[in-house]
1. List the pairs whose first member sits in the range 657-675 and is touching a residue at least 60 places away in the same chain (Cβ under 8 Å), whose second member is of a type outside the set (D, E) and assigned to a helix (DSSP H, G or I), and whose Cβ atoms are under 6 Å apart, counting only residues at least 6 apart or on separate chains?
2. Look through G436, G426 and report the one residue that is open to solvent by less than 40 Å² (accessible area, probe 1.4 Å) and more than 16 Å from S465 (Cβ to Cβ).
3. Is it fair to say L134 is out of contact with any helix residue (DSSP H, G or I) (no Cβ under 7 Å at 6 or more places or on another chain) and among the aliphatic types (A, V, I, L, M)?
4. Is there a residue in the range 190-199 that is touching an Asp or Glu at 6+ places or on another chain (Cβ under 6 Å) and open to solvent by less than 20 Å² (accessible area, probe 1.4 Å)?
5. Among the strands (runs of 3 or more DSSP E) contained in the range 267-365, which hold 1 or more residues that are open to solvent by 50 Å² or more (accessible area, probe 1.4 Å), free of Cβ contacts under 8 Å to residues at least 12 places away in the same chain and over 30 Å from N108 (Cβ atoms)?
6. Restricting to the range 207-254, name every residue that is of a type in the set (S, T, N, Q) and closer than 24 Å to T348 by Cβ.
7. Of the residues L112, L51, L123, L82, which is of a type in the set (A, V, I, L, M), at pLDDT 95 or above and under 19 Å from Q1059 (Cα atoms)?
8. N169 passes all but one of (1) open to solvent by 10 Å² or more (accessible area, probe 1.4 Å); (2) in contact with a Pro (Cβ under 8 Å, 6 or more places away or on another chain); (3) over 27 Å from T50 (Cα atoms); (4) of a type outside the set (D, E); which number fails?
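The values are calculated or read from the model by the stated rules, or taken from the named source; none is laboratory data. Note that the structure is predicted; figures quoted are calculated from it, not measured. Note that we place each Cβ from the backbone using ideal geometry, even for glycine, and neighbour counts take in every protein chain shown. When the accessible area is computed, the model is the full protein with side chains, heavy atoms only, and any ligands, DNA or RNA have been set aside. Shrake-Rupley method; radii C 1.70, N 1.55, O 1.52, S 1.80 Å.
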Amino acid sequence: MKKFNIRKVLDGLTASSSSSSAAASPPSGSRENDMIQETLQSEHFQLCKTLRHGFPYQPSSMAFDPVQKILAIGTQNGALRLFGRAGVECYCQHESGSAVIQLEFLVNEGALVSALADDSIHLWNLRQKIPAILHSLKFNRERITFCHLPFQSKWLYVGTERGNIHIVNVESFTLSGYVIMWNKAIELSSKSHPGPVVHISDNPMDEGKLLIGFECGIVVLWDLKSKKADYRYNYDEAIHSVAWHHEGKQFVCSHSDGTLTTWNVRIPAKPAQIITPHGKQPKDGKKPEPCKPILKVEYKTTRVGEPFMILCGGLSYDTVGRRACLTVMHGKSTAVLEMDYSIVDFLTLCETPYPNDFQEPYAVVVLLEKDLVVIDLAQIGYPIFENPYPLSIHESPVTCCEYYADCPAEIIPALYSVGSKQKRQGFSKKEWPISGGNWGQGTLSFSEIIVTGHADGSIKFWDSSALMLQVLYKLKTAKVFEKPRSKEEKSTTDIVDEDPFAIQILSWCPESRVLCVAGVSAHVIVYRFSKQEVTTEEVQLLEVRMQCELNEVESPEGGGEQASAVSTPGTSSSPQTSLPQSHPSTSSNNSSDGLRDNVPCLKVRSSPLKQSPGYQVELLIQLVWVSGEPPQQITSLAVNSAYGLVAFGNGNGLAVVDYLQKTLLLNMSTAELYGSTDPHHRQPRSPRKARQPSAGFCDGNDASATPEERCKSPTSGSGSPCNSDEDSKHKFIDRVMSKSKRISKTVANDFAKISRKINMIADQKDERRVRRHCSLPIKKQQSCVKEMKRKHAASFRETSLCDLNARDNSFSRSRSSSVTSIDRESREVVSSLYFCDSLSKKSETLAVPSLWVGTSLGGMMAITLSVPSTPEQRMQQPVAVSFCGSVVRLKGGILRMAQLDASGTLLPHVYEPWYEPNAPEEEREPPRRRRPTSPPSSQENQDCQYIVVCSEKQAKVVALPSQNFIYEHNITEASFVLRADVVTMTSGVGLACFCANGHIMTLSLPSLRPLLDVNYLPLTDMRIARTFCFSNQGQAMYLTSPTEIQRITYSQETCDNLQEMLGELFTPVETPEAPNRGFFKGLFGGGAQSLDREDLFGEVTAGKASRSLAQHIPGPGGMEGMKGAASGVVGELARARIALDERGQKLGELEERTAAMMSSADSFSKHAHDIMLKYKDKKWYQL
């Protein structure tokens, strides 16, 4: 292997393209590493989108195929979402990104016409699993306002803003020469323009009569054959929509003043009826007060009973603040159905697709701004159908998410069993009416779960197996807190203005079913899964005091005992003896000098908490205010069920909590974790007594008493491996108490005054104002800096995007005394945590429980944990902590750490198998700690473990226990990595990265050889950076909009099988028979009148349209080509079998009819012969 100078490697001077890693290990280590056979190759990777789940973002239009039973929704960004039965969904996108203003199905033809706001219309082929555009037509001179496609017609009517109507052949997507001009449609005496076309429809009983509605209030009945207007209907108010009665003798118009006008076709002089559904009828017979516009009306008839008239809008103007409503008028009854969001569109689902028959409506599909509701019209009270689609992702805004592929098979049934009890009641008992399409034939062999955290504190578990998405279980974390009843009661200790319960980070162990969440209000909650319901009298609470940097800078002493735990009465049930309170009581919000101190951000619930089966609170951890400084938000989180520990970090440092004993094990600043190996050489910001170095980190056999005291659990007794001296414990407590009293009243008051001043300063003037305060005493100046830093503090994930230069640090940082340098240097936060059994020290020969800590400045430290071996000892003896110092440094913040064995296989995390925590003692199984395959004992000069570390800039592989660099790869120079995960594929283990410049990359392990680099998605939204995550088996996802999840795959195997796994939208279904005209209607010419549109609109009769009017744009392929690439062999065979069955059935029916006709003919012949013989010899007068 080629060798490079280690100094050049660390300085980042090696070219990023030289993915041949820089070897930093001795030759023996290189030879050992060369023996690892990597099976993962570049041909195992391919990137493609799979499915999009969730509610269509910003919907604008909707259409329904009554025969195929498929629903289509268009959005304002040009997206199309098609829905069939549960699990049959499809997403496609118009390239222009313009809003979809209208959709029209070619009923039972497997095609869809979309009209866009950029005056283009498109024909989509739905007979393939991934729909594609066949034809497009772009209008150049007129704006499209309305489209209408009659049932079983290939001619599309297109109304424009100028009031004209053009006709398009949807087969060839060419314009007809037949045009209806606005000046011919309205009366010649009219001098004003009628406005845009807002409605087009043909008479249900006469296809040759076209009803045209203009915005100004004029409605025209146009005779297509004679090319003139038969009738014109005038009303003073603007028209929004028109609906026909199925007999074609009446139609209803909705107007802008909240009125509905009913017109008889042959009486255009005045409306037959004028009603204001929501208007107050005055007693003196005057005109009702005007109401809001009725945006849409539909008129549907039934064979038995009164017709339905369904409308949206029209409410009275005095109903200010009332939610949007859908009104259902059936006979004399009027039902007003309130909706949660504004109504975008609605459609009435009917039994027949023919407009000239009784409609028999059975449901109403209501498209809301953020929801889809289907109302059952056949049941009393109009209940809604239970929606089977995963459209509730945005019920509360998603704040974080995690993706778990190849998780244990039993976890999905367990979550479903407890989640099924949470379902709402009162839904319609009928089946979901949108039931078209078929499921895909192929499936994935592994189960997948997506976990989403939301702004209201809720957490949702989704079953995402087999390209579907179904909610399993919902957890509400806000139940453990007291909620303010009004804004006036809002606590003054909140550190966020809105959504104080929002979830920020998730850490979940599917095997042990332990869940840990961190919220924006600096709180951490540990949950355990139980199938039994329990009532918790008092929530187990642990308050942690993570000291702000003000005390750290002012402290003249070393040792770093600036943090401690505040035990609360909620921890009284802990078997350990809690540390006595060393700070003022939490019942007091302010200290004696007027600063908020020792107060958590949220108030914990005081009443008993009823916890249903599912996830139940094990421990609540809250960070508290310290001397007027709010706690910083948590930036990293990890939980381990085998150790019973949870670790979290922020800008102040690291804390480790034993959630079994409900005690705090460790609470230290990041600088003290480094110890004497701190590469930054932090210096005091003011001339003061030098701090004692934090030496003595347990590196080898060199350990001193002072750091061991600090490493020790606050509740450690005589059995502590670190220190068994009781006097040391009391000295520790005394130092903590004296530390809390070190801030004088004068400094605190000055800090409060400057804080109020700083809050009034604009962000762009902060640095200049600090320079003006340089004449203040040093303490005041530092307080000013601290306040400004708190004002600008943000979460780690957002900081990684905004301050790239601060992250792209070298190891020889400049020591400028400016405020900017101080601010950047002190921004180091704990960015990544990883529990594992590892060889953390060079002298170790056996893997021991460890915690690896990564920081935002590229440092990685190791902490070893001494966990009691038996369950009895685990609950009685404390966990001891010792430090190993810094192990490796990288450019950029640490994002991900993982562990490989000597063969290059990913070592799974250690966990404890799940058991019922609320089972009786005699039935409870003893907890069994599950370990990954332990590495063999390390011999001298032999490495048996590898740690993989990925930062925002580079990745490294380090051999353990020698801590030699084996491989190194510079991932990016101009950008930075947003998300990195070590993933398991079918063929091996790799490192997957998503960069801010939109590149998705995969690297082999352990050699860090590039396998995939695709420019997929440029970072255009902070949401993508916050929610993008990789998972095993080549799966990934991100939140592409506030309401939608986009799933992608980077696995070649999944891409090859994608066509088989996707569902089919179009299925062969026979069109219902047309309604029977009846004997008398056929005899006297009644019933529906057909029209030969081909003869009327064809090129022979109508001529050619102007070429400058519209431009034809062919799609990516013709119909035959699309059918060829439509779907797999399974789908083709299924269609062929169905076609053969239908043909055989029709042949059988034909044979039966032929036999019946032959029998009837024989009978008729026999009767005729008998009659002939009877009257053969009779005379005419004998008849």
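1. Hits for this filter: K662/T571.
2. Step by step, each of G436, G426 is checked, and only G436 is open to solvent by less than 40 Å² (accessible area, probe 1.4 Å) and more than 16 Å from S465 (Cβ to Cβ).
3. No; evaluated as a whole, the condition is false for this residue.
4. The answer is yes; a qualifying residue exists.
5. 333-338
6. S241, Q250, S254
7. Going through L112, L51, L123, L82 in turn, just one is of a type in the set (A, V, I, L, M), at pLDDT 95 or above and under 19 Å from Q1059 (Cα atoms): L82.
8. With respect to (1) open to solvent by 10 Å² or more (accessible area, probe 1.4 Å); (2) in contact with a Pro (Cβ under 8 Å, 6 or more places away or on another chain); (3) over 27 Å from T50 (Cα atoms); (4) of a type outside the set (D, E), N169 is out only on (2).
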